[in-house]
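S.K.: Encoded as structure tokens, here's the structure I'll be asking about.
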There are 2 protein chains.
Amino acid sequence: MPASPGQSSALDLRELKRVCSNCSLSELCVPMGLNRAEVERLDSVVEVSRSMHVGDHLFRRGDPMRSIYAVRSGMYKSYLINEEGEEQVIGFHLPGELVGLDAIYPDAHQCSVVALDTASACVLPFAQLSELAGDIPGLQRQIMRLLSKEISSLVPRAADSTAEQRMAAFLMDLARRLGERGYSATDLRLAMPRKDIANYLCLATETVSRVLKKFQTQGWIEVDRRDIRLLDPDALGQLAKDDQSD
Amino acid sequence: MPASPGQSSALDLRELKRVCSNCSLSELCVPMGLNRAEVERLDSVVEVSRSMHVGDHLFRRGDPMRSIYAVRSGMYKSYLINEEGEEQVIGFHLPGELVGLDAIYPDAHQCSVVALDTASACVLPFAQLSELAGDIPGLQRQIMRLLSKEISSLVPRAADSTAEQRMAAFLMDLARRLGERGYSATDLRLAMPRKDIANYLCLATETVSRVLKKFQTQGWIEVDRRDIRLLDPDALGQLAKDDQSD
DNA sequence: CGCTATTTTGAGCCGCGTCAATACGGGTGG
DNA sequence: CCACCCGTATTGACGCGGCTCAAAATAGCG
């Protein structure tokens with residue numbers, strides 16, 4: 001078993017207190033828009049979780065809602081198990097993104113979140129966070145902004161009708177989010193198996209395969225197992241919007 | 001035609017300042033969990049919009065985000081217009097529900113909201129509301145709760161696969177929300193045309209017709225134009241969950 | 001009482017899910 | 001280094017649900 005790069009025992013107190021101040025993601029994350037003193041107050045309530053591996057859970061559905069989480073590295077998947085025991089994939093989460101926001105209302109997590117590869121996340125104890133938000137208007141505003149952004153991002157899910165549209169929209173969405181976070185917006189490494197993509201898009205895995213194949217044949221993408229290079233993002237973007245292509 | 005309960009010309013100042021205190025929906029709405037003094041402070045920033053009619057807009061996509069809105073009576077529809085000029089229905093909003101929550105992040109409304117029948121809504125100027133939230137922890141918590149609830153409610157959209165499942169889930173969702181708000185949970189008056197239902201569920205209007213017909217044939221519902229009576233909610237609930245029926 | 005929007009009903013077709021078989025790749029042990 | 005195994009991914013054949021196109025029935029409205 002490989003050594004985990006961020007295991008909590010290896011963190012000294014000083015490191016622990018510099019979580020947000022030194023994090024390259026702070027511009028995208030909770031601290032955005034706060035001044036130095038405010039970020040340091042935020043630091044004092046944030047912890048970095050130890051490095052997690054494939055299949056490790058950040059939390060599970062039904063867990064009491066103590067914290068929200070900010071992804072630091074790797075990729076997470078959120079999902080539900082329905083009455084028949086089938087998994088339903090809700091979304092994928094990249095560094096800088098928050099998870100657990102849907103748990104504030106009923107005070108319990110509504111979905112489970114699991115690492116798709118080696119990954120880590122910050123832990124933001126919600127009680128302390130919201131107390132701090134009462135003191136710091138900028139923090140309150142940012143939390144509401146992030147909640148609101150989450151709502152906006154969830155809305156367009158149902159829109160695209162055909163398998164090709166959904167796949168194109170999925171790739172473009174992922175590319176955009178990776179690009180916003182400083183990663184390549186054309187060379188994607190999908191951490192999840194086809195089954196998860198299919199489940200997320202409400203398609204069969206076979207359909208995902210076929211559509212990716214077709215995109216490759218069209219010269220729009222280059223597929224090598226879980227590595228996907230976008231050769232013609234415009235074509236994909238066009239497809240995601242309207243259905244006028246073949 | 002019944003007198004409109006909330007036309008602004010008929011409201012005197014005292015009435016205007018009693019919006020939340022006297023509102024029967026306050027238990028479901030923003031003031032929930034606040035004490036009397038706090039509700040009165042909230043009162044001071046809330047206005048009741050005048051009565052609106054079919055086709056009147058609460059706001060349109062792109063409008064600067066000045067307020068969020070709480071439905072007082074009637075039903076509203078939120079929608080987007082995509083690049084081809086086609087409408088895409090996002091959701092329907094009942095009394096006690098908030099709309100405009102997705103506009104906090106980019107500071108502009110992301111969708112348009114229009115009255116489906118005679119309807120009215122409260123206007124909550126967001127700047128004043130969030131300032132108040134900094135003072136009143138209970139208010140901050142409630143706003144976050146409502147934002148979080150909105151996220152949770154958006155998640156299951158993509159789940160149901162077949163037309164019958166989606167239709168059943170739609171009816172049950174509407175019935176539940178109406179029931180929570182003191183209306184009948186079995187006698188539904190759909191304010192929207194079939195086209196909107198179809199659009200919302202990503203179905204053809206013909207399919208909506210056929211599915212309603214089938215539900216009626218099964219003895220599960222009774223359809224009289226836009227009035228729908230649920231005769232066997234359990235059957236519908238079962239159908240919405242799994243696909244084991246015919 | 002005619003006009004128009006909405007809803008319903010019917011016929012035919014196509015996309016995508018299902019089932020089944022094959023190919024690939026990465027890990028393990030000899 | 002190769003043989004083997006198993007999970008993931010691909011490819012093909014076929015059937016069905018729901019969309020499209022077309023037309024009739026019904027309701028609301030001037």
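S.K.: Too long at a 28 Å Cα-Cα cut-off: which of A:213/B:149; A:77/A:241; B:77/B:213; A:149/A:214; A:241/B:214; B:149/B:213?
M.R.: Values: A:213/B:149 39 Å; A:77/A:241 25 Å; B:77/B:213 24 Å; A:149/A:214 33 Å; A:241/B:214 33 Å; B:149/B:213 33 Å.
Check vs 28 Å cut-off fails for A:213/B:149; A:149/A:214; A:241/B:214; B:149/B:213.
S.K.: Ok, one more. Leaving out ligands, DNA and RNA, what percent of the accessible area of the protein assembly as shown is carbon and sulfur, probe 1.4 Å?
M.R.: Using a 1.4 Å probe with all protein chains present, the protein assembly as shown comes out at 47 percent carbon and sulfur.
S.K.: Let me ask something else about it. Nearest 500 deg cm²/dmol is fine: what mean residue ellipticity at 222 nm does the protein assembly as shown get from its DSSP H runs of n ≥ 4 alone, each adding -39,500 (n - 2.57), divided by its residue count?
M.R.: On the way: 16 runs with 176 residues, N = 492.
Theoretical 222 nm ellipticity from helices: -11000 deg cm²/dmol.
S.K.: Okay, moving on. Cβ under 11 Å from residue A:95's Cβ, residue A:95 left aside: what net charge do those residues give with Lys, Arg +1 and Asp, Glu -1?
M.R.: Values: positive: A:72, A:177, A:181; negative: A:97, A:180.
Taking every Cβ under 11 Å from that of residue A:95, the sum is +1.
S.K.: Per residue of region B:61-76, what does 6.51 cos²θ - 1.76 cosθ + 1.60 with θ = phi - 60° give for ³J(HN,Hα)? Whole Hz please, x for Gly and Pro, Karplus curve as stated.
M.R.: Taking θ as phi minus 60°, the curve returns 3, x, 4, x, 8, 9, 9, 9, 10, 10, 5, 9, 8, x, 9, 10 Hz for region B:61-76.
S.K.: So between residue A:27 and residue A:135, what do we pick up on full extension, going 0.36 nm a residue minus the alpha carbon distance?
M.R.: On the way: separation 108, 0.36 × 108 = 38.88 nm, distance 2.05 nm.
Length gained between residue A:27 and residue A:135: 36.8 nm.
S.K.: Count charges around residue B:139 for me, please; just the other residues with Cβ under 11 Å from its Cβ, Lys/Arg as +1, Asp/Glu as -1.
M.R.: Details: positive: B:41, B:141, B:145; negative: B:38, B:131, B:135.
Cβ neighbours under 11 Å give a net charge of 0.
S.K.: Rounding to the nearest 10 and keeping the result within 0 to 90°, find how far the Cα-based axis of helix B:137-154 lies from the longest principal axis of chain B.
M.R.: 20 degrees
S.K.: Another question about this same structure. Give the nm distances, rounded to one decimal, from residue B:222 to the matching residue in every other copy, measuring between label points 7 Å along Cα toward the beta carbon; shortest first.
M.R.: 6.6
S.K.: Taking every residue in A:97-105, how many Cβ atoms of other protein chains lie within 10 Å of its Cβ, on average? Each step should come with its number before you reach the end.
M.R.: Working: counts 0, 0, 0, 1, 5, 9, 3, 9, 11.
Going residue by residue through A:97-105 and averaging, the value is 4.
S.K.: Another one. For a paramagnetic label modelled at 7 Å from the Cα of residue B:40 toward its Cβ, which residues of region B:135-169 fall within the zone defined by backbone nitrogen distances under 20 Å?
M.R.: B:135-140
S.K.: Still on this structure, please answer the following. In nm, to one decimal, how far is the residue B:180 label point from the residue A:80 one, both placed 7 Å along Cα→Cβ?
M.R.: So the label points at residue B:180 and residue A:80 sit 1.3 nm apart.
S.K.: Please build a GNM for chain A, connecting alpha carbons under 10 Å apart, and tell me which residue among A:66, A:225, A:189 fluctuates the most.
M.R.: A:225
S.K.: Calculate the FRET efficiency for residue A:162 and residue A:222 from the Cβ-Cβ distance with a Förster distance of 22 Å, rounded to the nearest 0.05.
M.R.: On the way: r = 22 Å, r/R0 = 1.01.
Given R0 = 22 Å and the Cβ-Cβ separation, E is 0.50.
S.K.: Note the distances from residue A:86 to each other copy's matching label point, with points 7 Å along the Cα-to-beta-carbon direction, in nm, sorted shortest first.
M.R.: Values, ascending and in nm: 2.5.
S.K.: Select from B:117, B:160, B:224 the residue whose mean-square fluctuation is largest in a Gaussian network model of chain B (Cα-Cα springs shorter than 10 Å).
M.R.: Looking only at B:117, B:160, B:224, the largest GNM fluctuation is found for B:224.
S.K.: Could you derive backbone 3J(HN,Hα) for region A:200-212 from the dihedral phi with the Karplus parameters 6.51, -1.76 and 1.60 (θ = phi - 60°), listing whole Hz in sequence and x where the residue is Gly or Pro?
M.R.: Once θ is set to phi - 60°, the couplings for region A:200-212 become 4, 8, 6, 10, 8, 4, 4, 5, 4, 4, 4, 5, 4 Hz.
S.K.: I've got another one for you. If you take the charge dipole of chain A about its Cα centre, with +1 on Lys and Arg Cβ and -1 on Asp and Glu Cβ, which of A:223, A:129, A:19 is farthest toward its positive end?
M.R.: Farthest towards the positive end: A:19.
S.K.: Report the longest stretch of chain A that contains none of the GluC sites (Glu not before Pro) sitting in a DSSP loop with at most 13 other Cβ atoms within 10 Å.
M.R.: Working: sites that count: A:27, A:83, A:84, A:86.
Segment A:87-246 is the longest.
S.K.: Would you mind working out the accessible area per residue for chain A, using a 1.4 Å probe, and quoting it in Å²? Numbers along the way, then the final one.
M.R.: Numbers: 11800 Å² over 246 residues.
I get 48 Å² per residue for this part.
S.K.: How long are the semi-axes of the ellipsoid equivalent to chain A, from square roots of 5 times the Cα gyration tensor eigenvalues, in whole Å, largest first? List each step's numbers first, then the result.
M.R.: Details: eigenvalues 220, 72, 70 Å².
They are 33, 19, 19 Å, listed from largest to smallest.
S.K.: Turning to a different aspect of this structure: For residue B:204, which inter-copy label distances result when the label point lies 7 Å beyond Cα on the Cα-to-Cβ vector, reported in nm to one decimal and in ascending order?
M.R.: Ordered by increasing distance: 2.2 nm.
The values are calculated or read from the model by the stated rules, or taken from the named source; none is laboratory data. Since we're looking at a predicted model, the values are computed, not measured. Positions of Cβ are generated from backbone atoms using ideal geometry, with glycine treated the same way; all protein chains shown enter the neighbour counts. Surface areas here come from the heavy atoms of the whole protein model, side chains and all, with no ligands, DNA or RNA. Shrake-Rupley method; radii C 1.70, N 1.55, O 1.52, S 1.80 Å.
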